[in-house]
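Working notes for the structure below.
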C-alpha cells in the first residue's frame, strides 16, 4: 500500500530518492577530499577504503530499506496506537517494518552499490573463488546483522519509549564507523564492535580477507567466514528481545 502510494506521485518519488542518494553521497565525497591531501589512510588506498565503504553502505542500505521503519515503534508505544496492530492476524514486527514504508531509501542503497562498483573496478585484488563468494555473502550477512540491531533497538523502545537516537548510534553510527579502516580506531573500540556488538562481521573482517590484510586484533583469516553464524546469533537474540518487549507492553499510560 505504501509503495503504491509513493509511486502515485512519481516525480516526487524520483526527487526524494535522488535527494537521499545525494545526501548519503556526501559521506564518500568527504573521503575523496581527504585523499586529495594524503596518499593512504592508515595504509589503505582510496579503492580499498571504497571497498570498505561500499560493502557496509550496501548492507546497511538494504537493511534500512526493509527494517528502517521499526524506529517508529517508540511513537506508537507513547500514543497507544500500537494496540491497533495487536488485534490484526499479522505478526506485529512485520506490520511495524511495513509501517510508512519509505521507498525513497532505495537512494541510499543505490549510492552504496555505486561506490561498491567503483571499488571492485579499481581495487587491486588477486580474486579467488572464495573471495568472489565473500562479496554477496558479506552484504547479506551485514544486512542481517544490521536488521538484528534495528529489531533490538525497537525492542528497547518498549521500555524507553523515546530511544530512537540510541538506536541510531548503533545503526547509522555503526555504518559510518565501518566505512573507515579498523586501524584508524583504538583497539578498545575495535574489540567492542567485534565481541560486544559484532558489527565488524558486516564488512571489516570479510573485506580485510578479500584485501589480504591482517585484522588489528590478530584474529585468524577464517574468522571472516563466521559472519553467517554471527548473524544468526544476533537474529536469535534480537528475536528474544522483541518477544520480551512485546509481552511486557501494557498499552499507553501503564
Checked region 218-254 for anything within 16 Å of the chain's Cα centre (by Cα) and surrounded by fewer than 16 Cβ atoms within 10 Å (Cβ to Cβ); matches are 228, 232
Sole exception among (1) touching a residue at least 60 places away in the same chain (Cβ under 8 Å); (2) farther than 30 Å from residue 243 by Cα; (3) in contact with a helix residue (DSSP H, G or I) (Cβ under 6 Å, 6 or more places away or on another chain) for residue 147, by number
(2)
Say whether the condition of being in contact with a strand residue (DSSP E or B) (Cβ under 8 Å, 6 or more places away or on another chain), on the phi < 0 side of the Ramachandran plot and not in a helix (DSSP H, G or I) is met by at least one residue in region 154-166.
no
Since residue 84 meets every condition but one in (1) surrounded by fewer than 17 Cβ atoms within 10 Å (Cβ to Cβ); (2) within 28 Å of residue 176 (Cα to Cα), which condition does it not meet?
(2)
One residue is enough: does region 181-191 have a residue meeting the conditions on the phi > 0 side of the Ramachandran plot and outside any helix (DSSP H, G or I)?
no
Hey, residue 210 touching a residue at least 60 places away in the same chain (Cβ under 8 Å), in contact with a helix residue (DSSP H, G or I) (Cβ under 9 Å, 6 or more places away or on another chain), surrounded by 14 or more Cβ atoms within 10 Å (Cβ to Cβ) and farther than 30 Å from residue 160 by Cα or not:
yes
Residues in region 37-44: is at least one part of a helix (DSSP H, G or I) and either in contact with a strand residue (DSSP E or B) (Cβ under 9 Å, 6 or more places away or on another chain) or free of Cβ contacts under 8 Å to residues at least 24 places away in the same chain (or both)?
no
Looking at this structure, is residue 215 assigned to a loop (DSSP other than H, G, I, E, B), touching a residue at least 60 places away in the same chain (Cβ under 8 Å) and surrounded by 15 or more Cβ atoms within 10 Å (Cβ to Cβ)?
no
Can you find even one residue in region 180-203 that is surrounded by fewer than 21 Cβ atoms within 10 Å (Cβ to Cβ), within 22 Å of residue 113 (Cβ to Cβ) and modelled with pLDDT under 95?
yes
Counting only helices (runs of 4 or more DSSP H) entirely within region 56-151, those with at least 2 residues that are within 30 Å of residue 248 (Cβ to Cβ) are 73-79, 82-86, 92-98
Let me spell it out: the conditions are (1) surrounded by fewer than 17 Cβ atoms within 10 Å (Cβ to Cβ); (2) closer than 16 Å to residue 171 by Cβ, and residue 62 meets all of them except one. Which number is the exception?
(1)
Determine which member of the set 172, 249 is within 23 Å of residue 32 (Cα to Cα), at pLDDT below 90 and touching a helix residue (DSSP H, G or I) at 6+ places or on another chain (Cβ under 9 Å).
172
Restricting region 11-58 to residues that are within 15 Å of the chain's Cα centre (by Cα) and within 13 Å of residue 105 (Cα to Cα), which is surrounded by the most Cβ atoms within 10 Å (Cβ to Cβ)?
57
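The values are calculated or read from the model by the stated rules, or taken from the named source; none is laboratory data. On a predicted model such as this, the values are computed, not experimentally measured, just so you know. Note that each Cβ is placed from the backbone with ideal geometry, even for glycine, and that neighbours are counted across all protein chains shown.
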